[in-house]
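Scroll down for the structure; my scribbles are underneath it.
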Amino acid sequence: MPVVMDADRIARTLTRIAHEIVERNKGVEDVALVGIRTRGVHLARRLARTLKEITGDDVPTGALDITLYRDDLMRHDVGPQPLVRRTEIPFSIEKRRILLVDDVLYTGRTIRAALDALIDFGRPRAIQLIVLVDRGHRELPIKADYVGKNLPTSPGESVQVRLQETDALDEVVLEPEQEGAA
Amino acid sequence: MSTEAPEQGMGLPPATSALRHKDLLGIDQLSAGEIALVLETAVAMKEIGSRSIKKVPALRGKTVVNLFFEPSTRTRTSFEIAEKRLSADTLSIAIASSSVVKGETLIDTARNLEAMNPDMIVLRHASSGACHLLSRFCRSAIINAGDGMHEHPTQALLDAFTIVERRKRLAGLKVAIIGDLLHSRVLRSNILLLTKMGADVWVCGPPTLIPTDVTRFGVRATSRVDEAVRDADVVMLLRIQLERMEGAFFPSLREYFEVFGMTEARLALARPDVLIMHPGPMNRGVEIASEVADGPRSVILDQVANGVAVRMAVLYLLAGGVEHEEAA
C-alpha cells in the first residue's frame, strides 16, 4: 500500500493552499470555508487555522452534508440509505466567496451535489473548489481551483485519506485494485 | 470539538447502519439501534427546517399518500410538511371516520391507490392492526400514523427526540405517563420505546383506566399520582377523551383534575428541571393545568416542531433500498 502523502507532506500542502487562497482572493475579507463531511470538514478547519496565522483574520467555517443531494440516492435496488449528518453553516453565504473543501476529487458527482446544496443556502459571489487529492476520472465538467496533489489512478484503485481527527494519523494511501471501490 | 458530530453526543446506544424494514408499523419492530438511527437522522433533518429554503431533493419523484381514516390535524400536517421538505409528491386523503371501518373496504381502497403506484402510504385508522393488514397487500411502504388503540410510532419517536434533545439520554430517566392509559396508542408506543432505551417508566391513572397487564411491559403502574411524579425527569400527560369518558370511568372531569390533573403544586415533587410533555390535543383543566402547559418546563410545542424532523427521518430511511427484514 504505497503512501502517497505523509503527515509532513499534507501539512506543507495545506500551508501552500492557504497562501494561494490569500493570493488569489487578495486577502480573506469576504471568504468563508465550507468542508464536505467528513474529511473535508477537518481540512477546512485546518485551512482556517493556517489562514488565521497568515492573515490574522478568522475565516468562518462550516460543514456540509451532501447525502440528501446525491444523484444515486434511491437508485440502488438493495441496500440501506446512506447516513445523513448535520449540515452546519452558521453564517450567511450571500455575496461571500465560498471555498468548498473536499479530500478527494474523483467523478465530480459529490461536488455537483455540494454545489446544489450550497446554492439552497443563498447566492454566493463565487464558489472555489479545494481538494487535497485529484485522482482523475471525472464524469462531470468540474475542475478544482486548488489541488494538493494530482494523483494518476486507475478506476479500480482506491484513494484513502486518513486524518488525525478521525483516523488518528495523517496520510494519503493508494490502495490496489482488489480492495474494491471505496 | 462539540460541533463536530452532535449526533454522537446523544447518549444513545450505537445506531444501526440502516432501517431494515419495508414498513414502520410500530415501535415493536424496531431495535434500540434502529431507534437511535432514526433519532440521529432527525438531528440532521431538524437543521433543514431552520434554513430559509427548507427543502432538500432527497425524495424527488417519490409519491406519498397520506390516508387518514380518522380526523387528525397535527399528525397529518406534520407528515405533509415532512414530505414536502424532502421534495416528495404528496396526496392527502381524509375519509370520514365513521364510514369505513371494515378491513375489506380498507384493502379495496389501498388496492385502488396502489394501482396508481405510490411509493409510500401513511395510514391513520381507527382499527388496531389496520397497518399490518395493509402491509401484507401493498408493495408501498406503510407508515403507521396511529392505528386504533395499538401504536403511534412516530409520536413515540418524536417524544424520545424531544427528551434526548434536552436531557442527552433516555437510559435511567424516570418518565411518568399519566392519563387515559387504556385507550392510548401513544402510551403503548412510548412504553415500548422507552423501555427498549432503558428508561424507568411509570404509568398512572384511575384504576379503571389502567390496562390490567400493563406491568408485563416492564413498567410500574400506580394510581397515586404523587408516587409517579416524585423525582420524575419527564411527566407526560395523556388526553382524557372527553367524549368517551364522562360517567363511565370516573365520576367527573372536575374530580379527575382534582386527583390526577397536573398542577404546579403537584410538580413540586418532580425534579426541578422536569420536562412536561403532552401529545395533544390538550384538555386544559382536565389532565393538565394551563399554568403547567404554558409554563417554562413545558416542551409541548417542541414536540410538535420535532415531529416534522422525526417524520422526515422515517420517510427518508424507509424510502431507500428494498432490503427486507428476515421473515418476522
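The values are calculated or read from the model by the stated rules, or taken from the named source; none is laboratory data. Quick caveat, the model's predicted, so the values are computed rather than measured. Cβ: placed from backbone, ideal geometry, glycine included. Neighbour counts: every protein chain shown. Accessible surface areas use protein heavy atoms only, side chains included; no ligands, DNA or RNA. Shrake-Rupley method; radii C 1.70, N 1.55, O 1.52, S 1.80 Å.
What percentage of the solvent-accessible surface of segment A:1-74, computed with a 1.4 Å probe over protein heavy atoms, is contributed by carbon and sulfur atoms? So the carbon and sulfur contribution to the accessible surface is 45 percent. Using a 1.4 Å probe on protein heavy atoms, which residues of segment B:45-59 have at least 40 Å² less accessible area in the complex than alone? Hits at the 40 Å² cut-off: B:GLU47, B:ARG51, B:ILE53, B:PRO57, B:ALA58. The residues of segment B:16-70 expose, per residue, 31 Å² of accessible area to a 1.4 Å probe.
Diffusion of segment B:63-161 by Stokes-Einstein, at 25 °C in a medium of 0.890 mPa s and with Rh set to the Kirkwood radius over alpha-carbon pairs, works out to 182 µm²/s.
Mean projected area of the convex hull spanned by the Cα atoms of segment B:175-227, taken over all viewing directions: 3.1 nm².
The interface between chain B and chain A buries about 2300 Å² of solvent-accessible area in total (1.4 Å probe, ligands and nucleic acids excluded). Extent along the principal axes, Cα only, for the protein assembly as shown: 80, 54, 41 Å, with the longest axis given first.
Using θ = phi - 60° in the Karplus curve 6.51 cos²θ - 1.76 cosθ + 1.60, the 3J(HN,Hα) couplings for segment B:29-39 round to 7, 8, 8, 4, x, 6, 4, 4, 4, 4, 5 Hz; x is entered for Gly and Pro. To the nearest 10 degrees, how steep is helix B:74-85 against the longest Cα principal axis of chain B, on a 0 to 90 scale? That works out to roughly 40 degrees.
Take the Cα coordinates of chain B, assign each an equal point scatterer, and use the Debye formula without solvent to give log10 I(q)/I(0) at q = 0.14 Å⁻¹. Debye curve over Cα of chain B, log10 I(q)/I(0) at q = 0.14 Å⁻¹: -1.11.
At the listed q of 0.18 Å⁻¹, the Debye profile of chain A, built from one uniform point per Cα, gives log10 I(q)/I(0) equal to -1.27. With a simple spin-label model that places each label point 7 Å from the Cα along the Cα-to-Cβ direction, the separation between B:ASP231 and B:LEU269 comes to 1.3 nm.
Computing FRET efficiency as 1/(1 + (r/R0)^6) for A:ASP71 and B:ARG166, where r is the C-beta to C-beta distance and R0 is 45 Å, gives about 0.75. Where the accessible area of segment B:173-230 is counted over protein heavy atoms with a 1.4 Å probe, how much of it, in %, is carbon and sulfur? Carbon and sulfur: 49 percent of the exposed surface of segment B:173-230. Heavy-atom accessible surface of segment B:130-220, averaged per residue, reaches 32 Å², computed with a 1.4 Å probe. Mean projected area of the convex hull spanned by the Cα atoms of segment A:79-126, taken over all viewing directions: 4.4 nm².
For segment B:247-305, what is one quarter of the convex hull surface built on the Cα atoms, given in nm²?
Convex hull of Cα atoms, orientation-averaged projection: 4.4 nm².
Taking only the C-alpha atoms of segment B:186-274, the Rg (one decimal) and the largest Cα-Cα distance, Dmax (whole number), read 13.4, 37 Å. Measuring nothing but how far apart in sequence close Cα pairs (under 8 Å, 6+ apart) lie, relative to its length, chain B scores a relative contact order of 20 percent. The Rg/Rh ratio for segment B:139-178 is 1.09, where Rg is the radius of gyration of the alpha carbons and Rh is the Kirkwood radius.
Sparsely packed loop sites in segment A:1-32 (the trypsin sites (Lys or Arg not before Pro) outside DSSP H, G, I, E and B with at most 15 other Cβ atoms within 10 Å) comprise A:LYS26.
In segment A:119-148, burial by the other protein chains removes 10 Å² or more of accessible area from A:ASP120, A:PHE121, compared with the chain on its own (1.4 Å probe, ligands and nucleic acids ignored).
Across chain A, C-alpha contacts under 8 Å between residues 6 or more apart give a mean separation that, scaled by the residue count, equals a relative contact order of 24 percent. What the Cα convex hull of segment B:14-131 gives, in volume per residue, is 118 Å³.
Over all distinct Cα-Cα pairs of segment B:119-251, the Kirkwood formula returns a hydrodynamic radius of 15.7 Å. Inverting the pair-averaged 1/r between distinct Cα atoms of segment A:92-182 gives 14.3 Å as its Kirkwood hydrodynamic radius. Annotation: extensible slack from A:ALA11 through A:HIS137 equals 42.8 nm (criterion: 0.36 nm per residue apart, minus Cα-Cα distance). By the helix-only formula, in which each DSSP H run with n ≥ 4 contributes -39500 (n - 2.57) and the sum is divided by residues, the protein assembly as shown has a 222 nm mean residue ellipticity of -10000 deg cm²/dmol. Scanning residues 5 or more positions from B:LEU19 or on other chains, those with amide H under 5 Å from its amide H are A:GLN81, with H placed 1.01 Å from N in the peptide plane. Rolling a 1.4 Å probe across the protein heavy atoms gives chain A an accessible surface of 47 Å² per residue. Averaged over residues, the count of other Cβ atoms within 10 Å places the peptides A:114-124, B:37-47, B:107-117 in the sequence B:37-47, A:114-124, B:107-117, highest first.
Relative to the longest principal axis of the Cα atoms of chain B, the long axis of helix B:103-114 lies at roughly 50 degrees. Stokes-Einstein diffusion for segment A:41-110, with the hydrodynamic radius set to the Kirkwood value over Cα pairs and evaluated at 25 °C in a medium of 0.890 mPa s, equals 169 µm²/s.
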